[in-house]
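Single-structure report; data block below.
Values quoted throughout were computed directly from the atomic coordinates according to the rules given, and no laboratory measurement underlies them. On a predicted model such as this, the values are computed, not experimentally measured, just so you know. Cβ: placed from backbone, ideal geometry, glycine included. Neighbour counts: every protein chain shown.
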Amino acid sequence: MAWQFDNSKPIYIQLVEALKLQIISGTIPIGSKLISVRDMAEEAGVNPNTMQRALAELERENLVFSQRTTGRFVTEDENLVKELRRTFAMEKINELTTTLLQMGYSKNELIELIHSYLNKEE
């Protein structure tokens with residue numbers, strides 16, 4: 001099944017973001033071997049060159065690394081993954097709070113809303 005892409009930004013950037021999310025969420029475990037570029041591209045429904053570009057970006061960011069004869073692997077640096085996870089969470093929190101503050105909610109109301117939402121989910 002092909003992934004869903006947004007026409008507002010380049011596909012390779014969306015691939016980078018999706019793969020990062022899979023890594024920081026543990027869907028793709030730390031230290032695991034990635035499937036081939038061709039298989040990943042087929043799974044995502046994109047050109048292999050586009051997937052290669054996304055993986056090259058992840059290598060540049062040290063989230064994945066290549067071993068010449070055995071393939072590509074997710075980093076084993078748990079601290080890097082934890083920091084990226086925290087950064088991602090802070091960005092999402094910033095987006096949410098900015099929007100809700102613009103809507104007129106106070107900080108206390110935001111805390112109340114989030115608390116209420118989290119209690120509902122339990």
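Loop-located chymotrypsin sites (Phe, Trp or Tyr not before Pro) in the range 1-108 (DSSP state not H, G, I, E or B) with no more than 12 neighbouring Cβ atoms inside 10 Å: Trp3.
Using 0.36 nm per residue and subtracting the Cα-Cα separation, the extra length available between Lys120 and Glu76 on full extension is 12.3 nm.
Seen from a random direction on average, the alpha-carbon convex hull of the range 11-76 projects onto 3.9 square nanometres. Between Ser36 and Gln102, full extension at 0.36 nm per residue minus the direct alpha carbon distance yields a gain of 19.3 nm.
Computed from the C-beta positions of Glu91 and Thr69, the FRET efficiency with R₀ = 41 Å rounds to 0.65.
For the chain, what does -39500 (n - 2.57) per DSSP helix run (n ≥ 4), summed and divided by total residues, give at 222 nm, in deg cm²/dmol to the nearest 500? Don't skip to the end; give the middle numbers.
On the way: 5 runs with 76 residues, N = 122.
Rounded to the nearest 500, it is -20500 deg cm²/dmol.
Counting every Cα pair in the chain, what percent are over 16 Å apart? Summing the P(r) of the chain above 16 Å gives 68 percent of all pairs.
Mean projected area of the convex hull spanned by the Cα atoms of the range 79-121, taken over all viewing directions: 3.6 nm². The count of lysine pairs in the chain that are at least 8 places apart or cross chains, and whose C-alpha atoms lie under 16 Å apart, stands at 4.
Karplus-based coupling profile of the range 90-101, in residue order and whole Hz: 5, 5, 5, 5, 4, 4, 5, 5, 4, 4, 5, 5, with θ = phi - 60° in 6.51 cos²θ - 1.76 cosθ + 1.60 and x standing for Gly or Pro. Taking the chain as the reference, fit the longest principal axis to its C-alpha atoms, fit the long axis of helix 11-25 to the helix C-alpha atoms, and give the angle between the two in degrees, 0 to 90, nearest 10. The helix 11-25 is inclined about 70 degrees to the chain. By how many degrees, between 0 and 90 and to the nearest 10, does the Cα long axis of helix 48-60 differ from the longest principal axis of the chain? Around 70 degrees separate the two axes.
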